[in-house]
Amino acid sequence: MFDKVDQKVSFPDLEKQVLAKWKEEGTFQKSLDLRAGRPRFVFYEGPPTANGKPATHHILARAFKDLFPRYKTMKGFYVERKAGWDTHGLPVEIEIEKKLGISGKFDIENKIGIERFNQLCRESVHEYVSDWVVFSERMAFWLDYDHAYWTLTSDYIQSVWWALSEMWKQGLVYKGFRVAPYCPRCATPLSSHELAQGYRDNVPDPSVYVRFRLKNDPKTSILAWTTTPWTLPGNVALAVHPDVT
């Protein structure tokens, strides 16, 4: 009735056997088919950025992501979950810059060319996504990898514009002002996610004190302090008031 169990089990081999059986029998898809028509539970996969190979420190985050859809499935919900890959942004571009030994927009435009650079970025993310799929399947993170969304596709980009259009129609889009972190090397603002990846708050910033002699009294000077000394050659006047700083 049962296969004989070897007393010396090879756990890596056992793992491969289980994964192969799940794939052959379509276990994940069957778990969905059995619950078709049941109340839905929506899971949006926060996509990993495909700018490098996955490692052990990624296991915990993906285990947490798998926990809730699996629990809801066991409770009888229909949990269709689609994989996703973040294939846009600075992490991908910086990865290619490192491989090419270049830095910044000038090098991209003049040494490589934008079209070629974009193509290299696409090739890179496809390579890393393959590694992520193998990694995720080995840890039994059940997602629909065959119909995953990629942020670089026209369909996905169009869906983002559609969502923005719908928010505009509902009066949810407004113009505001805020201080945004900026990368002078990349010549672009940084998102909160990019900021968390290692933005340096304490960067040396030159400041100078400058004496400005009065034209009608050369022996008297006004002392000024500036954090933008490169603007001094363009100064034509000083605004001075006892109550204004």
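Points worth noting:
- Applying a threshold of 9 Å to beta carbon distances and a minimum spacing of six or more residues, or different chains, the list of pairs starting in segment 211-229 at a residue that is more than 17 Å from P242 (Cα to Cα) and part of a strand (DSSP E or B) and ending at one that is modelled with pLDDT of 90 or more and among the aromatic types (F, W, Y) reads T226/Y209.
- Looking across segment 64-100, the residues that are over 17 Å from the mean Cα position of the chain (by Cα), assigned to a loop (DSSP other than H, G, I, E, B) and not hydrophobic (A, V, I, L, M, F, W, C) come down to K75, G76, E80.
- Some residue of segment 141-151 being in contact (Cβ under 8 Å) with a residue 24 or more places away in the chain and farther than 24 Å from P47 by Cα: no
- Considered as a group, the residues in segment 24-43 that are free of Cβ contacts under 8 Å to residues at least 40 places away in the same chain and either among the basic types (K, R) or not in a helix (DSSP H, G or I) (or both) include one that is farthest from D146 (Cα to Cα), and that residue is P39.
The values are calculated or read from the model by the stated rules, or taken from the named source; none is laboratory data. Remember, predicted model here, so these are calculated numbers, not experimental data. Every residue, glycine as well, gets a Cβ built from its backbone with ideal geometry; the counts of neighbours run over all protein chains shown.
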